[in-house]
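Participant: Take a look at this one; I'll ask things after.
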Amino acid sequence: AQTVTQSQPEMSVQEAETVTLSCTYDTSENNYYLFWYKQPPSRQMILVIRQEAYKQQNATENRFSVNFQKAAKSFSLKISDSQLGDTAMYFCAFMKNQFYFGTGTSLTVIP
Amino acid sequence: DVKVTQSSRYLVKRTGEKVFLECVQDMDHENMFWYRQDPGLGLRLIYFSYDVKMKEKGDIPEGYSVSREKKERFSLILESASTNQTSMYLCASSSPAGGETSYEQYFGPGTRLTVT
């Protein structure tokens, strides 16, 4: 089975600052997908960003971007200009035949 | 917008009861999934289905079964609920390979089940 590791259980960032959430994974596969999901307090899990492993270019969605290092099996999420609404649990996920999720990072944006 | 709904947000059951958790999606997705979410453990896959009447075990299927009689509906069944099944249960659906949204999972709001 693949494993996904998020080594930061909790993080905080000042509003308007930039924060990076780390994620590493272990796989022998060459083609796969990677995702970051966000789960706000008491709200539904939603997709933040996705990356196909065959694409070298890092994915970007507005204030969210990833740093995908395939050789290092690393997939970090950068949030720029942090907003109060970014406060949530963030899950990194690996997909090949089935999804494997990390244990999550609880991010708090401080006003 | 994709909508995934779950029959209950909160549920309290007694040990030994048979419990049904229902999930319905309205996007004609082939793939559906059941996870449980526990603090410090993230999401763990219980069962998934890539087609009607088809089911596959995930990482923690023990104590659970599933039913998929129609494409839009995927039910999780706890045959005899136990206290260690107290958890948040999340249903998700996704489209298969091909296209820009391949494999993106859309989640329901979750059912917080307490077994006493």
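The values are calculated or read from the model by the stated rules, or taken from the named source; none is laboratory data. This one's a predicted model, so the numbers in the text were calculated from it and none came from an experiment. Cβ sites come from the backbone with ideal geometry, for glycine too, and all protein chains shown count toward neighbours. Heads up: the accessible areas ignore ligands, DNA and RNA and are worked out on the full protein's heavy atoms, side chains in. Shrake-Rupley method; radii C 1.70, N 1.55, O 1.52, S 1.80 Å.
Participant: Before we move on, is B:Leu41 within 12 Å of chain A (Cβ to nearest Cβ), surrounded by fewer than 14 Cβ atoms within 10 Å (Cβ to Cβ), of a type in the set (A, V, I, L, M, F, W, C) and within 26 Å of A:Thr105 (Cβ to Cβ)?
Facilitator: Criteria met by B:Leu41.
Participant: Condition first: charged (D, E, K, R), away from chain B (no Cβ under 14 Å) and either under 13 Å from the mean Cα position of the chain (by Cα) or part of a strand (DSSP E or B) (or both). Now tell me which residues in the stretch A:74-111 satisfy that.
Facilitator: A:Lys78, A:Asp86
Participant: Moving on. Could you identify the single residue in A:Thr3, A:Thr18, A:Thr60, A:Thr24 that is open to solvent by 30 Å² or more (accessible area, probe 1.4 Å), in contact with a Phe, Trp or Tyr (Cβ under 7 Å, 6 or more places away or on another chain) and over 18 Å from B:Ala92 (Cβ atoms)?
Facilitator: A:Thr3
Participant: For a quick check of your reading of the model, give me the residue pairs whose first member lies in the stretch A:89-111 and is more than 12 Å from A:Gln6 (Cα to Cα), whose second is polar (S, T, N, Q) and open to solvent by less than 10 Å² (accessible area, probe 1.4 Å), with beta-carbon atoms closer than 6 Å and at least 6 apart or on different chains.
Facilitator: Cβ pairs passing all conditions: A:Val109/A:Ser82.
Participant: Evaluate the following for A:Ala53: is it open to solvent by 30 Å² or more (accessible area, probe 1.4 Å), over 17 Å from A:Ser106 (Cα atoms) and of a type in the set (A, V, I, L, M, F, W, C)?
Facilitator: no
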